[in-house]
Amino acid sequence: MPSKTYPDAIVESPPPPPKINGIHSKENTPPSTTNFDAVKSPGEYTGSGILDAPTSPVRGHKKVSSRSSRNSLRVKEANKKESKDETEDGGLVYEKYQDGNGARLTSLKSTDDYNDAIQTVRRELRVQHSPARERKLASGRVAAAGWETSGIRFAPLNTPLKRRLQTLMVLLHTLSVALSLTSFFWMCAIPLLWPLVIPYLIYILISKAGTSGELSYRSNWLRKQKIWSLFASYFPARLHRTVELEATRKYIFGYHPHGIISHGAFAAFGTEALGFSNLFPGITNTLLTLDNNFRVPIYRDYLLRMGLASVSRESCENILSKGGPNNEGMGRAITIVVGGAQESLETQPGTLRLILHRRKGFVKLAIRTGADLVPVLAFGENDIYEQLNPQTHPRVHKFQMGVKKLMGFTVPMFHARGIFNYDVGIMPYRRPMNIVVGRPIKIKMQVKPEAEYLEEMHAAYAKELRRLWDTWKDVFAQDRVAEMEVIE
């Protein structure tokens with residue numbers, strides 16, 4: 001594939017529309033902009049919620065149907081009943097996504113916030129790439145014309161309140177570490193609070209809450225708050241299920257790619273904004289992060305309440321060996337961002353470069369604990385930020401790798417949009433993310449994993465991850481500029 005920039009790929013004419021049930025749709029041929037309609041469902045399945053309430057009868061007359069019409073109505077009612085029987089689950093409403101080959105996904109029905117966000121992103125891209133209008137009159141100098149030609153597009157003052165709240169939630173989460181440290185240092189500057197600060201510091205140093213596996217600080221009430229729906233609808237993000245998972249087994253979810261900050265992983269597995277517990281009932285999933293984060297004052301408490309835990313070996317084994325009906329970890333799951341900090345340096349819009357060949361520790365952990373492996377592919381995770389390309393800036397990349405070797409974390413040179421503009425800042429772009437959960441790979445427990453079995457399971461995992469990409473890339477990654485590539 002010839003190399004091209006991500007903005008050029010956006011404005012190009014997209015390929016012919018995908019087949020739906022084997023038929024090309026000519027009427028819905030997308031314009032020369034990003035085709036967000038590709039992520040819409042070809043059909044909806046409704047449950048037994050309040051949206052299924054019968055409509056009121058028409059007053060004043062009685063409608064009479066012909067015999068053929070009555071027969072047609074009976075067939076439609078039968079089909080509707082069959083559809084409801086397949087998707088009726090506690091009033092939940094599902095949608096069926098389908099690619100050109102007939103493969104299907106199950107997702108919770110999109111909310112108004114999601115639909116509004118999709119429409120807004122479409123309008124912004126249409127304005128960004130539309131040709132300038134020709135002027136018919138000769139006019140004088142336009143006031144503040146320099147701002148218009150500066151390349152920075154500012155947000156209008158009449159932005160809806162909902163969008164402001166979405167931006168606020170993403171900003172708070174992005175700056176959560178800085179805000180926590182600022183609050184703690186402010187407390188240290190007040191001598192009256194020292195009797196509280198000093199014992200708190202000692203507690204942080206000796207606490208094992210992030211690695212104990214007990215999840216005693218986890219607050220399901222906090223995870224289900226509506227504020228996280230504002231966070232997820234900012235992009236917007238959605239979670240899709242390929243198959244159901246048994247609640248009598250344990251799982252290790254491998255999340256790809258890392259992206260810059262892994263916003264998609266937090267929305268899908270760190271909160272209930274995308275309906276994880278509805279799509280996978282009976283499974284308690286724990287998103288894992290660096291162990292050093294649980295030594296940061298105040299921030300550690302925020303992570304523990306959201307149900308996050310350390311990614312250390314001790315933490316993983318404790319989570320997968322405790323809880324469940326027999327206190328053996330059945331019904332529990334952990335989510336690991338497999339690529340790690342190094343993969344974040346490969347983040348570029350429209351691409352998917354993964355670090356996987358050398359990542360075999362999570363497979364060994366699965367064999368040792370008897371947990372099934374579940375690959376997760378987040379389409380759009382790499383599109384919400386831009387950063388310096390390591391191939392065109394090798395010296396910067398070498399410096400970043402040196403920081404990672406010394407400090408254990410990386411310093412990506414990234415940028416996106418701002419709070420009040422669309423071009424400069426650390427806020428992520430409003431671009432859709434679709435997180436697809438693949439099929440589980442059954443694992444046989446071995447106390448001491450055999451090398452051959454380890455390689456076999458790693459290859460099976462990589463194959464399923466590749467299948468996810470090949471199946472759904474034409475649905476959720478139509479604006480890609482490169483194919484999925486495993487570089488290490």
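The values are calculated or read from the model by the stated rules, or taken from the named source; none is laboratory data. Keep in mind that what you see is a predicted model, and the values were worked out from it rather than measured. Virtual Cβ from ideal backbone geometry, glycine too; neighbours counted across all protein chains shown. Areas reflect the complete protein model, heavy atoms only, side chains present, ligands, DNA and RNA absent. Shrake-Rupley method; radii C 1.70, N 1.55, O 1.52, S 1.80 Å.
Inspect the stretch 276-292 for any residue being among the small types (Gly, Ala, Ser) and open to solvent by less than 20 Å² (accessible area, probe 1.4 Å) and give the result as yes or no. Within the stretch 276-292, not a single residue is among the small types (Gly, Ala, Ser) and open to solvent by less than 20 Å² (accessible area, probe 1.4 Å). Here residue 329 meets the list (1) open to solvent by less than 10 Å² (accessible area, probe 1.4 Å); (2) touching a strand residue (DSSP E or B) at 6+ places or on another chain (Cβ under 7 Å); (3) over 30 Å from residue 412 (Cβ atoms) almost entirely, failing just condition (2). Hey, can you tell me all the residues within the stretch 268-295 that are touching a helix residue (DSSP H, G or I) at 6+ places or on another chain (Cβ under 6 Å) and not in a helix (DSSP H, G or I)? Once the filter is applied, which keeps residues that are touching a helix residue (DSSP H, G or I) at 6+ places or on another chain (Cβ under 6 Å) and not in a helix (DSSP H, G or I), the stretch 268-295 yields 271, 272, 273, 274, 285, 286, 287.
Since residue 224 meets every condition but one in (1) open to solvent by 70 Å² or more (accessible area, probe 1.4 Å); (2) free of Cβ contacts under 8 Å to residues at least 40 places away in the same chain, which condition does it not meet? Only one criterion is unmet by residue 224, namely (2). Count of the stretch 161-208 residues, restricted to those that are over 27 Å from residue 229 (Cα atoms) and either touching a Cys at 6+ places or on another chain (Cβ under 8 Å) or not hydroxyl-bearing (Ser, Thr, Tyr) (or both), is 22. Scan the stretch 436-470 for residues that are under 18 Å from residue 350 (Cα atoms) and either acidic (Asp, Glu) or at pLDDT below 95 (or both) and the total you get is 1.
Return the total of residues in the stretch 238-261 being in a loop (DSSP other than H, G, I, E, B), more than 22 Å from residue 97 (Cβ to Cβ) and of a type in the set (A, V, I, L, M). Of the residues in the stretch 238-261, 3 are in a loop (DSSP other than H, G, I, E, B), more than 22 Å from residue 97 (Cβ to Cβ) and of a type in the set (A, V, I, L, M).
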